[in-house]
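Take a look at the structure below.
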Amino acid sequence: MDGCSRSGSSFRAGDGDGDLTDTQADTQENLEVPGAVFLLIPQQGVEGFVEPAGITTTAKTARLNTPKR
């Protein structure tokens, strides 16, 4: 299978679909280097929202780099 330069997934905290680290690791499975991963989460105040700090922490565990702000 050919790799891709961009990949995306969605995640909702407490949805029972596993954890965020696994979701991020799975998303990059066929990703070429360099590439981009896009993560869609519910907005703040909506059930399933994930704090940005949690995304950064799990991204590091999944061996992803996060953009600098």
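The values are calculated or read from the model by the stated rules, or taken from the named source; none is laboratory data. All values derive from a computational prediction rather than experimental measurement. Neighbour counts are summed over all protein chains in view; Cβ atoms, including those assigned to glycine, are modelled from backbone coordinates with ideal geometry.
Of all residues in the range 39-63, which are of a type in the set (Ser, Thr, Tyr) and touching a helix residue (DSSP H, G or I) at 6+ places or on another chain (Cβ under 6 Å)?
Result: Thr58, Thr61.
What tally of residues in the range 14-69 results from selecting those that are in a loop (DSSP other than H, G, I, E, B) and either among the aromatic types (Phe, Trp, Tyr) or free of Cβ contacts under 8 Å to residues at least 40 places away in the same chain (or both)?
26
Take Val37 and tell me if it is out of contact with any Lys or Arg (no Cβ under 8 Å at 6 or more places or on another chain) and not charged (D, E, K, R).
Against the criterion (out of contact with any Lys or Arg (no Cβ under 8 Å at 6 or more places or on another chain) and not charged (D, E, K, R)), Val37 does not qualify.
Taking Ala13 and the conditions (1) more than 20 Å from Pro67 (Cα to Cα); (2) exposed (fewer than 12 other Cβ atoms within 10 Å of the Cβ); (3) modelled with pLDDT of 85 or more, which numbered condition does it fall short on, given that it satisfies the others?
Ala13 satisfies every listed condition except (2).
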